[in-house]
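The values are calculated or read from the model by the stated rules, or taken from the named source; none is laboratory data. From a predicted model like this one, the values you see are computed outputs, not experimental measurements. Neighbour counts are summed over all protein chains in view; Cβ atoms, including those assigned to glycine, are modelled from backbone coordinates with ideal geometry.
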Amino acid sequence: MKKILFVSSEVHPLIKTGGLADVCGSLPKAIAELSQDIKLILPRYQALKITEEIRFLCTVRVDNRNVNILETRLPDSQVTVLLVDYPSYFNFPGNPYVDELGEPWPNNAERFGLFCRIAVEVAMDRAHLDWQPDIVHCNDWQTGLVPALLSLEYEPPKTVFTIHNMAYQGLFPKTAVYDLNIPGRLWHIAGLEFFDMLSFIKGGLVYADFITTVSPSYALEIQTAEFGYGLEGLLAARNASLGGIINGIDNEHWNPETDPYIAQTFTSKNLTKKRLNKTQVQEYFALPVNEKILLFSLIGRLVEQKGIDLLVECLPEMMTMNLQFVLLGSGDKAYEKQLQALAKQYPEQIAIKLGYDEALAHVIEAGSDVFLMPSKFEPCGLNQMYSQRYGTIPIVRKTGGLADTVTDTLPETLALGTASGLVFTEASAGALLEAIKRALILYSVPSTWKKMQVNAMSKDFSWQRSAEQYLALYDNL
Ligand code: ADP
């Protein structure tokens, strides 16, 4: 049995801003189910949704600050969660990274710097917990200083650093080096320095014993200038210690056989029942209720990464076809306005809901025929996996985790029984439109469409599979 300290700035269901929280809520549970001794460590934000008992463990002194460590449990699991309690940094409303107005907290370097220091104290068993991990598994820039600081210790645990999104690097002005008391031995170009700035993510990329990212394709892509944001050289140099492990999904929460949010549960054996869910979506969005019209959907953050510009460019031409489109999301105001204008122009075919709505996300996944993910880049992506589980055919761009989890529908893949979606390569509206047309043609042959749905629904996206790969990695280290 291994002892693992899992370090993350967000963990579902305690706190979530994105996919990172989903992974960091599910993976530790799956690892615990493989009989490993795993503890999570997380800052104690005001917004944490704690349902289990909280217990005071100890006070640790670092950088002339007294920091409390509390303990609770991850709901529905045996996983212990250590909470780093330092109210003047973390006890504020708003989310982990930005205030209520969406502005980054001005002291983010200090906040996550302190979080990393405490994780190091726990990792070195200096927090009076009588527990020393064999492995410290860090996630994204907020935890990047942990491998760096541990590299200066005598006989530290092995470290793994997982990149969930290279676009966020935790870059701060050089003055932070002094404010955070960063040891001089870490401050150089082959260390934490990045063009005269302090880079948290480099702490993970340079000093971790092994780097993972959330899909094999993304692991290759980040070694190129297009996806590496200036760190591609470093990543290519560490190529021998870099790999991709695809995320799983929560198979209980996203299960068409038991989903409490949807009008009609169904399986791949009674797919006709899925129709009622289509009606539910059409009614919810006040679109004409018609079984025959192909229903497209998109759920997600409305940002450039997700290829929303390609979609906006396609929509007018899509309106000449026999289809409907619904969207749930929020993000850049410019995209929100463009989409609202299109919905107004084509009320019979386009409907959008701005905001975040978990229940509606389930209804849309279950009720639509086709799910769009034209992302520019996608480290792993979750929605394309949810879609397949619900027999909703994803149209994805061939990038990152999308390329690794969706099999394009071709005569060969149909014959092999693996075809589960439509994949296009070029990041252009034309290429997306081409894929949409292919979907319309395939839908007109019900037996083929059904085959694709059954293939999609029978894929294994369980966390157990991913957890086994992480465990093998821990063993190797
Ligand atoms: P990312 O982490 O880049 O945002 P992912 O596809 O990995 O993208 O994960 C996004 C998660 O957030 C999914 O669980 C998705 O269903 C959910 N989500 C995103 N936007 C919304 C929304 N507006 N309403 C409900 N769920 C959403």
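What the table below lists for this structure:
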{"item": "Tally, over segment 15-48, of residues that are touching a residue at least 24 places away in the same chain (Cβ under 8 Å), in a loop (DSSP other than H, G, I, E, B), out of contact with any strand residue (DSSP E or B) (no Cβ under 7 Å at 6 or more places or on another chain) and closer than 22 Å to Pro87 by Cβ", "result": "2"}
{"item": "Residue that is surrounded by the fewest Cβ atoms within 10 Å (Cβ to Cβ) [pool: residues in segment 369-392 that are touching a residue at least 60 places away in the same chain (Cβ under 8 Å), among the polar types (S, T, N, Q) and within 9 Å of the ligand (Cβ to nearest atom)]", "result": "Ser375"}
{"item": "Residues that are more than 11 Å from the ligand (Cβ to nearest atom), touching a residue at least 60 places away in the same chain (Cβ under 8 Å) and buried (at least 22 other Cβ atoms within 10 Å of the Cβ), drawn from segment 350-368", "result": "Ala366, Gly367, Ser368"}
{"item": "Segment 296-333 - residue that is hydrophobic (A, V, I, L, M, F, W, C), assigned to a strand (DSSP E or B) and within 14 Å of the ligand (Cβ to nearest atom) and, of those, surrounded by the fewest Cβ atoms within 10 Å (Cβ to Cβ)", "result": "Leu328"}
{"item": "Residue, nearest to Leu473 (Cα to Cα), within segment 161-177, restricted to residues that are surrounded by 14 or more Cβ atoms within 10 Å (Cβ to Cβ) and among the small types (Gly, Ala, Ser)", "result": "Gly170"}
{"item": "Matching residues, segment 336-349, being within 16 Å of the ligand (Cβ to nearest atom), out of contact with any helix residue (DSSP H, G or I) (no Cβ under 9 Å at 6 or more places or on another chain) and in contact (Cβ under 8 Å) with a residue 12 or more places away in the chain", "result": "Glu336, Gln340"}
{"item": "Helices (runs of 4 or more DSSP H) wholly inside segment 178-295 that include at least 1 residues being within 25 Å of Asn476 (Cα to Cα), touching a helix residue (DSSP H, G or I) at 6+ places or on another chain (Cβ under 9 Å) and not assigned by TED's automatic domain parsing to the domain that holds Pro379", "result": "200-207, 216-221, 232-237"}
{"item": "Hits in segment 1-22 (condition: within 17 Å of Glu358 (Cβ to Cβ) and either modelled with pLDDT of 95 or more or of a type in the set (Gly, Ala, Ser) (or both))", "result": "Glu10, Val11, Leu14, Ile15, Gly18, Gly19, Ala21"}
{"item": "Selection status of Ala148, of a type outside the set (Asp, Glu), under 17 Å from Arg238 (Cα atoms) and more than 21 Å from the chain's Cα centre (by Cα)", "result": "yes"}
{"item": "Residue check, Ala286 at pLDDT 95 or above, more than 22 Å from Ala439 (Cα to Cα) and within 27 Å of the chain's Cα centre (by Cα)", "result": "no"}
